Amino acid sequence: MIRVTVWNEFLHEKTDEKVKSIYPNGIHKAIAEFLGKEEDMEVKTITLDDENCGITDELLENTDVMIWWGHMRHWEVPDEIAMKVKEAVLRGMGMIFLHSAHHSKPFKLLMGTTCNLGWRESDDKERLWVIDHNHPIMEGITDRFFELEGEETYMEPFGIPDPDKLLLVGWYNGGEVFRSGCIWHRENGKVFYFQPGHETYPTFYNENVQKIIKNAVRWAKPVYRIPELICPWMPRIEE
Ligand code: ZN
């Protein structure tokens, strides 16, 4: 079983009528619902308003892959919690950052850069071009591209370190392009950034988006998790 934890700041779904009508129980529950149908996944959800943002050592120990959606309240996640998440990734936990989580503290810690980008909310259509059909995260996406009728426009330059592999490029009918699917290895952990998912669109009900998130969970799960981050003195092996 892959133990998945979906983290959501859970603000817009409570304060904005449009968002509430799309995700009445929150984005985290919508994601948990489609992942929970997979026989090899066991899904839990936590939100920013839970005690300690829902994140404890025990939770991290028992999470194989964490999914993160945040937007307006990134700063409310305490630095020490963000550091714990980063260290869990360095030890082997898989991590998927969705949409505006590009500015979340754990993502910025793992990237080491600003993670800035250009943005605009103008109801643009997005066309997501598949760059590597053979990567496990793209399994089942067989066309050259797929489209989302409406998304927030994100645009280059995106202030990230070069990804280990670029899987998707988003093009918007306003003219912009963006690196919409990127992977990195961070020590023992695998990280996937996936751009679609603005709260005013039903993006997380899209079949291709769901397929990619499911594939990403299976790709990011740890093969081996190191027990602690240490830099030990070691004796000679041969005398
Ligand atoms: Zn957005």
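In segment 204-239, of all residues being in contact with a strand residue (DSSP E or B) (Cβ under 6 Å, 6 or more places away or on another chain) and not in a loop (DSSP other than H, G, I, E, B), the one that is farthest from G70 (Cα to Cα) corresponds to N208. Among residues of segment 149-158 being surrounded by 14 or more Cβ atoms within 10 Å (Cβ to Cβ) and either over 13 Å from S122 (Cβ atoms) or of a type in the set (F, W, Y) (or both), the one that is nearest to the ligand (Cβ to nearest atom) is Y154.
Among the residues of segment 61-80, those identified as of a type outside the set (D, E, K, R), crowded, with 19+ Cβ neighbours inside 10 Å and in contact with a Lys or Arg (Cβ under 8 Å, 6 or more places away or on another chain) are T63, V65, H74, V77. In this structure, E121 does not qualify as surrounded by 15 or more Cβ atoms within 10 Å (Cβ to Cβ), within 16 Å of the ligand (Cβ to nearest atom), in a strand (DSSP E or B) and charged (D, E, K, R). Each residue in segment 184-203 was checked for being within 16 Å of the ligand (Cβ to nearest atom) and outside any helix (DSSP H, G or I), and 10 pass.
Taken over segment 30-60, the criterion of being surrounded by fewer than 17 Cβ atoms within 10 Å (Cβ to Cβ) and in a helix (DSSP H, G or I) is satisfied by E33, G36, E51, N52, D57, E58. Of all the criteria given as (1) surrounded by 20 or more Cβ atoms within 10 Å (Cβ to Cβ); (2) over 19 Å from D50 (Cβ atoms); (3) within 13 Å of the ligand (Cβ to nearest atom); (4) not hydrophobic (A, V, I, L, M, F, W, C), the one not satisfied by S104 is (2).
From the list G94, G70, G54, exactly one residue is small (G, A, S) and within 16 Å of the ligand (Cβ to nearest atom). Which is it?
Within the list G94, G70, G54, the selection yields G70.
Just so you know, all these numbers are worked out from the coordinates, no wet-lab data involved. What you are looking at is a predicted structure, and each value in this text was computed from that prediction instead of being measured. When we count neighbours, we look across all protein chains shown, and the Cβ atoms used for this are built from the backbone with ideal geometry, even at glycine.
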